[in-house]
1. From the list K216, K243, K236, K183, exactly one residue is surrounded by 13 or more Cβ atoms within 10 Å (Cβ to Cβ) and farther than 30 Å from E125 by Cβ. Which is it?
2. Look at region 163-186 and say how many of its residues are in contact (Cβ under 8 Å) with a residue 24 or more places away in the chain and assigned to a helix (DSSP H, G or I).
3. Could you tell me which of the residues N121, N128 is assigned to a loop (DSSP other than H, G, I, E, B), over 16 Å from the mean Cα position of the chain (by Cα) and within 24 Å of G208 (Cα to Cα)?
4. Taking into account only those residues within region 64-93 that are assigned to a loop (DSSP other than H, G, I, E, B) and farther than 30 Å from L172 by Cβ, which is least open to solvent (accessible area, probe 1.4 Å)?
5. Show the residue pairs that are 6+ apart or on different chains and have beta-carbon atoms under 9 Å apart, the first residue being within region 136-162 and basic (K, R) and at pLDDT 85 or above, the second being open to solvent by 50 Å² or more (accessible area, probe 1.4 Å) and not in a helix (DSSP H, G or I).
6. Could you please give the count of residues in region 187-202 that are in a loop (DSSP other than H, G, I, E, B) and in contact with a strand residue (DSSP E or B) (Cβ under 9 Å, 6 or more places away or on another chain)?
7. Test I26 against the stated conditions and say whether it is modelled with pLDDT under 95 and either over 18 Å from H80 (Cβ atoms) or in contact with a strand residue (DSSP E or B) (Cβ under 7 Å, 6 or more places away or on another chain) (or both).
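The values are calculated or read from the model by the stated rules, or taken from the named source; none is laboratory data. Bear in mind the structure is a predicted one, so any value in this text is a computation, not a measurement. Positions of Cβ are backbone-derived with ideal geometry, glycine not excepted, and every protein chain shown enters the neighbour counts. Calculation scope for accessible area: heavy atoms of the full protein, side chains included, ligands and nucleic acids excluded. Shrake-Rupley method; radii C 1.70, N 1.55, O 1.52, S 1.80 Å.
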Amino acid sequence: MKLKRCCVALLFASTYAIGSEQSLTIYTEEFPPYNFLEKGVVVGVNADIVAMACKMANLTCTFALYPWKRALTLSLKDDHSGLVSTSRLPSREQQFQWVGPLISSPGCFYKLTERDDIQINNNEELANYTVALHKGDAYEEVLKQWGFKEHINYIPFSEKFAEIKAFTEGKLDLFIASANSLKFHIQNYRLRPEQVVPAYYIDDPRLGGNYLALNKRVPQTLVTQLQSAIDEIYSKGLDLPIKERYLETITQISEQELSLEARCTHQ
């Protein structure tokens, strides 16, 4: 799987549920394993689940891949659209209608294994280090709520995964990813999994997980149909083959049993 990095918006269509006059454009970004481009088709654990839900709901859904900021803007303007995979934040709650939850994993700060000097037990200690992240993502909003300042405590990057390049060059102490997405963050920068370890777990109630965010003008009947389809997918275990295709593990561990390593690396 090769990550695409571009500044120009790309549109690739994959249409599901032929035979219905009802249609939606599902905007998304290149962010494996949740959604990404493979052989000209938008796939991924969340893209595939949404595609299945569209088919079950007798909707024609066309997936369109853009840089995140552009995808967000289009989904707010297009009356017949949605956005996936979207973190359900308080600031976004009234902007969309929500279908889900979809697949996500806890956000974590990661450091180089050799950096024994980095020890973090709370938010105050985290502020002693420089953090890299993708501009406009959910974690930037959380860090601002924690009182962190742009270009002081954290450095935002406009290009997806560009923060990892700065991290590997030693310009930053930490970057943010999750157990599901970690290997896709580092694989293009000649980092092996054993060279990176979790340093701190992001525990914040504002992070509501990934969803399909539908434009406010999408008819409620379609929202209900899609939510019912998602519920049926989970209740019948139809999501399990999709998870096995894209995720390192689909095993669920109880919250009380999770160590830092389990939360952030599935170990």
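1. Exactly one residue qualifies, and that residue is K243.
2. 9
3. Working: N128 fails: within 24 Å of G208 (Cα to Cα).
After applying the criteria, what remains is N121.
4. Filtering region 64-93 for residues assigned to a loop (DSSP other than H, G, I, E, B) gives 66-67, 78-80, 88-89, 93.
Still in the running and farther than 30 Å from L172 by Cβ: 78-80, 93.
Details: D78: 41, D79: 59, H80: 107, E93: 59 Å².
Ranking the candidates gives D78 first.
5. Listed pairs, sorted by first residue: K144/E150.
6. Kept after step one, since they are in a loop (DSSP other than H, G, I, E, B), are these residues of region 187-202: 190-192, 202.
Subset that is in contact with a strand residue (DSSP E or B) (Cβ under 9 Å, 6 or more places away or on another chain): 191, 202.
Selection size over region 187-202: 2.
7. Numbers: modelled with pLDDT under 95: no; either over 18 Å from H80 (Cβ atoms) or in contact with a strand residue (DSSP E or B) (Cβ under 7 Å, 6 or more places away or on another chain) (or both): yes.
The answer is no for I26.
Each row is one residue, and each column tells you yes or no for (1) open to solvent by 10 Å² or more (accessible area, probe 1.4 Å); (2) among the basic types (K, R); (3) within 14 Å of the chain's Cα centre (by Cα).
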position: E30; (1), (2), (3): yes, no, yes
position: F36; (1), (2), (3): no, no, yes
position: V45; (1), (2), (3): no, no, yes
position: L59; (1), (2), (3): no, no, no
position: T62; (1), (2), (3): yes, no, no
